[in-house]
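Heads up, the thing below is written out as C-alpha cells.
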Amino acid sequence: MRRVVFNQKGGVGKSTITCNLAAIGAAAGQRTLVVDLDPQGNSTRYLLGAATDALEGGAADFFDQTLRFSVRAKATDDYIVETPFDNLHLLPSQPALEELHSKLESRYKIYKLRDALAALDGEYDAIWIDTPPALNFYTRSALIAAEGCLIPFDCDDFSRRALYSLMENVQEIQADHNPALKVEGIVVNQFQPRANLPQRTVQELVDEGLPVLQPYLGASVKVKESHERALPMIHLDARHKLTQEFVALHAALNAAPKKRAARGG
C-alpha cells in the first residue's frame, strides 16, 4: 500500500505522522519505506538523526536522473538507505530538491515517482510519502503515486478553512491523473479533549460527513523528545498514551482495506 501524508499548511504534523505510522508497521514486521519529498527533510532527520549529515544520495539524485536519459540509469533501490530500525528504509530528502523543482515541472516528469514506487511494490509491504507544505510538483507526484491519502488536521479555524480547498485539489488529481487514489481520512492531530474549540471544530467536520479518522492524536511534549532523539514514539516509549493512539490509528488503517476486500469492494 502506498500512502501520502499531505496538507498544504505547514506545522500540522505531516512528518511526525508519516514516521510514526511507518515505524509502527516496521516494528510489527512489515517491510516499510518512507519517501521524504520535503526539501526541509524533517522525516529524514527524524529517522536518521545525526547520520543525515553524512548522506550522499537521495530523492534529489533520483529526480535529477530522470532529467537525463541513460541506459545505465541507477535503480530506485540505489537511492534508498537503511534506518537504525528493523524493516524501515528511507528515500531521504536533499536540499537540492528545491533547485530541481522548476526543471522537473517544465519537463513534466510528474509520473516518474509513480513508476518508480510501483516497481517497488513487491519489495515493500507499505510505502509512506511525506510531502512539502505546498501544492507543487513534489506533492502532485506523490498524490499521483499513492493509493491512499491522509490529511493531517490541527484543530484550528485556519486549518478548517484550508481543508475544503485541499480536498478539492486532491479530487482534481483523482480526476485528471489517479482515479485509484482514495482519501482514507483526516488525521486529527494535537487534539485537546478538554478544550471546547478543538471538540467543536472536529465535531463540525464529522457532522459534515468528512472522513475523520479515529482515534484522534493527542498533544504531548513527548513528541519533541522523540524528534530530538530521532526515535519514533514506538521506540522511545511504547506504552505512552500517544504511542498507543498511533498504534490504534495504524491498526484502523490496515483494517479498512481488509473490510473492503471482504465486501468485494
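Couple of notes before you dig in:
- Here the helices (runs of 4 or more DSSP H) wholly within region 10-69 that include at least 2 residues being within 18 Å of the chain's Cα centre (by Cα) and crowded, with 24+ Cβ neighbours inside 10 Å are 14-27, 42-48.
- The one condition in (1) touching a Cys at 6+ places or on another chain (Cβ under 6 Å); (2) over 22 Å from residue 86 (Cα atoms); (3) aliphatic (A, V, I, L, M) that residue 12 fails to fulfil: (1)
- Summed over region 92-128, the residues that are part of a loop (DSSP other than H, G, I, E, B) and of a type in the set (Val, Ile, Thr) give a count of 1.
- The helices (runs of 4 or more DSSP H) falling completely within region 169-265 that include 3 or more residues that are surrounded by fewer than 19 Cβ atoms within 10 Å (Cβ to Cβ) and modelled with pLDDT of 95 or more map to 222-228, 241-263.
- Residue within region 76-91 that is surrounded by fewer than 20 Cβ atoms within 10 Å (Cβ to Cβ) and assigned to a helix (DSSP H, G or I) present: yes
The values are calculated or read from the model by the stated rules, or taken from the named source; none is laboratory data. Worth saying up front: this structure is predicted, and the values here are computed from it rather than measured. Cβ sites come from the backbone with ideal geometry, for glycine too, and all protein chains shown count toward neighbours.
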